[in-house]
Amino acid sequence: MAIPLRQNLAVARYLARQKRAKRDKFPLLVEIEPLFACNLDCPGCGKIQHPTEILRKRLSVDDILGAMTDCGAPMCSIAGGEPLLHPDIEEIVARLVERKIFVFLCTNAVLLRRRIDRFKPSPYFSWVMHLDGMRERHDLAVNREGVFDEVVAAIREVKSRGFRVTTNSTFFNTDSPKTVRDVLDFLNDELKVDAMMISPGYAYEKAPDQEHFLGVAQTREMFRTAFADGHRRRWRLNHTPLFLDFLEGKVDYDCTAWAIPSYSVFGWQRPCYLMADGYAQSYKELIETTDWSSYGRGRDPRCENCMAHCGYEPTAVFATTASLRESLRAAMSIR
């Protein structure tokens, strides 16, 4: 695991406060989408399928600061769309970092080297660059040649400037254990990124490509094989050991999507980042007006093949902190 000690301690203190307050639902991390506009047209993503008037909308700095104050989460992931298209993105990051909120800024990296001077390294800030395979596979996933090379160049550039770099790789049924290993070996050993996140692709309803999303059985088999022979222990994966166990099918969990809520130009999205069944104007309203018992495998057919971290990583975190054995196991893997 490659989660920094500072972040682990901050989250541990936050969880202890929630326990003392006897709260049963609270956010660990907020997925913020300050805009849906993007400079790529990825076939596995449905975000830019919104009409033009929606693609032109932006969350303001105050909108985002207000949302984080509203929910009190210690971490946020800024996604989209492409966040570097937002005219105030550097101010958004700086203001959140000032509040000692851990910020993960997700980007396809196409604009990153041109915008890098606007940002400053901080222990509370990490770039998250998408890399879904080696050159041919990644460029196919983003529907544009040359993007893989730009991501690699951007990773080298920002690391040389002292920034923390995390990657996010989404895998589909066109992948295999070998392609998973190829990209993670490259990121871990060649580029030496600080941490890597992995996720099976989720079937966005508006995504142009609906044929290549993984089912649960496929996901478990692919990751079980990819993780074998000591690879899982060697890679700097930005996940709890129990979430990786979940991907392999060693354990199963209920979805706790309320712990990683999504906030966008529409408001607080229910039930999660991946499904849109309406919106709330506050996190409190989201929690109190959403029937959480109606979501998850066996309850909603849209959830049957979902193993995404926005629903299951927090469950793994809660299971870790509830067990001394698992807490020690997670602590042993901190680098």
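The values are calculated or read from the model by the stated rules, or taken from the named source; none is laboratory data. Keep in mind that this is a model prediction, so the values were computed, not measured. Virtual Cβ from ideal backbone geometry, glycine too; neighbours counted across all protein chains shown. SASA here: full protein model, heavy atoms, side chains in, ligands and nucleic acids out. Shrake-Rupley method; radii C 1.70, N 1.55, O 1.52, S 1.80 Å.
For VAL11, indicate whether it is among the β-branched types (Val, Ile, Thr) and either touching a helix residue (DSSP H, G or I) at 6+ places or on another chain (Cβ under 6 Å) or open to solvent by 40 Å² or more (accessible area, probe 1.4 Å) (or both). The answer is no for VAL11. Applying the condition of being without any contact (Cβ under 8 Å) to a residue 12 or more places away in the chain and part of a helix (DSSP H, G or I) to segment 316-330 and asking which residue is surrounded by the most Cβ atoms within 10 Å (Cβ to Cβ) yields SER327. Summed over segment 103-131, the residues that are more than 24 Å from MET75 (Cα to Cα) and free of Cβ contacts under 8 Å to residues at least 60 places away in the same chain give a count of 2.
For segment 262-283, check the following and say yes or no: at least one residue is in a helix (DSSP H, G or I) and in contact with an Asp or Glu (Cβ under 9 Å, 6 or more places away or on another chain). There is at least one residue in segment 262-283 that is in a helix (DSSP H, G or I) and in contact with an Asp or Glu (Cβ under 9 Å, 6 or more places away or on another chain).
Please list, ordered by first then second residue, the pairs with beta carbon atoms under 8 Å, 6 or more apart or interchain, first in segment 59-81 and under 13 Å from VAL97 (Cβ atoms), second surrounded by 18 or more Cβ atoms within 10 Å (Cβ to Cβ) and at pLDDT below 95. Every condition considered, the pairs that remain are PRO74/VAL11; MET75/VAL11.
All of TYR283, TYR279, TYR273 fail the test of being closer than 30 Å to PRO177 by Cα and among the hydroxyl-bearing types (Ser, Thr, Tyr), apart from TYR273.
Note on segment 303-315: among residues that are part of a loop (DSSP other than H, G, I, E, B) and open to solvent by less than 30 Å² (accessible area, probe 1.4 Å), the one that is nearest to LEU35 (Cα to Cα) is ALA308. Of all the listed residues (LEU85, LEU65, LEU40, LEU55), the sole one being modelled with pLDDT of 95 or more and out of contact with any Cys (no Cβ under 8 Å at 6 or more places or on another chain) is LEU65.
Looking at segment 124-186, the helices (runs of 4 or more DSSP H) lying wholly inside it that each contain 1 or more residues that are among the charged types (D, E, K, R) and under 19 Å from SER199 (Cβ atoms) sit at 135-142, 177-185. LYS22 passes every criterion in (1) more than 15 Å from ASN168 (Cβ to Cβ); (2) crowded, with 17+ Cβ neighbours inside 10 Å apart from (2).
Hey, among GLY298, GLY278, GLY230, GLY311, which residue is on the phi > 0 side of the Ramachandran plot and touching a helix residue (DSSP H, G or I) at 6+ places or on another chain (Cβ under 9 Å)? None of the others qualify; the one that does is GLY278.
Considering every residue within segment 154-163, establish whether at least one is more than 24 Å from PHE102 (Cα to Cα) and open to solvent by 60 Å² or more (accessible area, probe 1.4 Å). No; the residues of segment 154-163 include none that is more than 24 Å from PHE102 (Cα to Cα) and open to solvent by 60 Å² or more (accessible area, probe 1.4 Å). Can ASP132 be described as open to solvent by 10 Å² or more (accessible area, probe 1.4 Å), modelled with pLDDT under 95 and under 17 Å from the mean Cα position of the chain (by Cα)? Yes.
Once segment 231-257 is narrowed to residues that are outside any strand (DSSP E or B), touching a strand residue (DSSP E or B) at 6+ places or on another chain (Cβ under 8 Å) and open to solvent by less than 40 Å² (accessible area, probe 1.4 Å), the residue that is nearest to CYS310 (Cα to Cα) is ALA257. Residues of segment 112-123 that are open to solvent by 20 Å² or more (accessible area, probe 1.4 Å) and either under 16 Å from the mean Cα position of the chain (by Cα) or closer than 11 Å to VAL151 by Cα (or both): ARG113 alone. Would a scan of segment 285-302 turn up a residue that is of a type in the set (Lys, Arg), at pLDDT below 95, in a loop (DSSP other than H, G, I, E, B) and closer than 27 Å to ILE198 by Cα? Yes, because at least one residue in segment 285-302 is of a type in the set (Lys, Arg), at pLDDT below 95, in a loop (DSSP other than H, G, I, E, B) and closer than 27 Å to ILE198 by Cα. Filtering segment 189-202 to residues that are within 20 Å of GLU248 (Cα to Cα) and either modelled with pLDDT under 95 or of a type outside the set (Gly, Ala, Ser) (or both) leaves MET196, MET197, ILE198, SER199, PRO200, GLY201, TYR202.
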